[in-house]
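Just so you know, all these numbers are worked out from the coordinates, no wet-lab data involved. This is a predicted model, so every value here is computed, not measured. So basically every Cβ, Gly included, is an ideal-geometry build from the backbone, and we count neighbours across all protein chains shown.
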Amino acid sequence: SPPSAAAGALSGRAERLLASLRKRGSMTNRDWCEESGVSSRTGLRDFEELMERGIVERSGKRRSAAYRVRG
């Protein structure tokens with residue numbers, strides 16, 4: 001299947017998060033919450049959506065965790 005298939009069914013917010021990650025290289029949940037205006041819990045859900053699809057990986061734990069596009 002084409003590479004775009006994995007991104008096809010993402011929520012609109014997750015699509016925006018992915019675009020930001022590609023532009024910035026890596027982000028923390030705080031970065032995303034400040035950029036998007038979502039709560040910390042919602043921000044984590046957005047990252048989880050991308051991690052479950054294997055698009056994004058996390059490094060570090062808890063508050064210091066940073067996320068980046070795999071590959």
In the chain, with Lys and Arg counted as +1 and Asp and Glu as -1 at Cβ, which of these residues, LEU44, SER26, ALA9, has the Cα nearest the positive end of the dipole, that is, farthest along it?
SER26
Pairing the Cα long axis of helix 40-52 with the longest principal axis of the chain, what angle in degrees results, from 0 to 90 and rounded to the nearest 10?
30
Run the simple label-point estimate for ARG13 and ARG63 please: 7 Å along Cα→C-beta, distance reported in nm.
2.2
Cα axis of helix 12-24 to longest principal axis of the chain: angle in degrees, 0 to 90, nearest 10?
80
Going from the fewest other Cβ atoms within 10 Å to the most, one would list VAL38, VAL69 as VAL69, VAL38
Scan (i) 68; (ii) 64; (iii) 47 for the value of percent of Cα pairs over 15 Å apart calculated from this model and give just the label.
(iii)
If we count trypsin sites (Lys or Arg not before Pro) as exposed when they sit in a DSSP loop and have at most 12 other beta carbons within 10 Å, what is the longest stretch of the chain that avoids them all?
1-60
